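To keep things clear, I will list the structure first and then write my remarks on it.
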Amino acid sequence: MQKAFCKLLDTKLSSIRVIFWDLDGTLGDAPGWSGQGSVTQYIHQSAALANMLKTISDKYGIYNVLVSRNGMFCDRDYEKTKAQFKELNFDDVLSCYRRREHSKVFEYENLDTILLVDDQLKECLDAQRDGAYAMHICDVFPQAVVTGNYALLYP
């Protein structure tokens, strides 16, 4: 997984400085994480993902942000949920995107340096429309990046 993703960063996504990661259907199976049990049990290859996030942060200077419309990122669940993802080497975990109707990258500057990784085509198209790169995955990320089961959308 890490080798395949680093190759993409080297060859097709060299301008990326921030990656916005979706959770449900992207890092773990849909319909989504319920908050029951550890997030490491939900995410496919969680230890390998944590290692990859650290590597791409160290090697490329990429800032990794988790952004999800999952209710576990809202209200009283947010701080506990955020802590679990910070342990997996996410630099930031955004709160409660469930109530926002705009794209997951809309509020940010330098959109041409942002990559959204998401299993929902609409989310990817919205990010692309706003000026960001998007990686629409058609399987959970670890499998999709290795098998090539994704599409890159350019701003």
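Rule-based calculations on the coordinates, nothing more; no lab input. Note that the coordinates shown come from a computational prediction; the quantities given were computed from them, not determined experimentally. Note that each Cβ is placed from the backbone with ideal geometry, even for glycine, and that neighbours are counted across all protein chains shown.
Things to note:
- Dipole check for the chain: with +1 at the C-beta of Lys and Arg, -1 at the C-beta of Asp and Glu, and the Cα centre as origin, the magnitude is about 200 Debye.
- The range 12-102 - convex hull of alpha carbons, volume per residue in Å³: 105
- Sparse-neighbour loop sites [chymotrypsin sites (Phe, Trp or Tyr not before Pro); the range 96-155; at most 15 other C-beta within 10 Å; DSSP]: F106
- Of all DSSP bridge pairs formed entirely within the range 2-153, close to 25 percent run antiparallel.
- Stokes-Einstein diffusion coefficient of the range 2-153, Kirkwood radius over Cα pairs, 37 °C, 0.692 mPa s, in µm²/s: 215
- Of the residues T11, T40, T81, the one that moves most in a GNM of the chain with alpha-carbon contacts below 10 Å is T11.
- All lysines inside 25 Å of K80 as judged from Cα atoms, apart from same-chain residues fewer than 8 positions distant: K54, K104
- Cys residues of the chain counted as unpaired, since no other Cys beta-carbon is under 4.7 Å: C6, C124, C138
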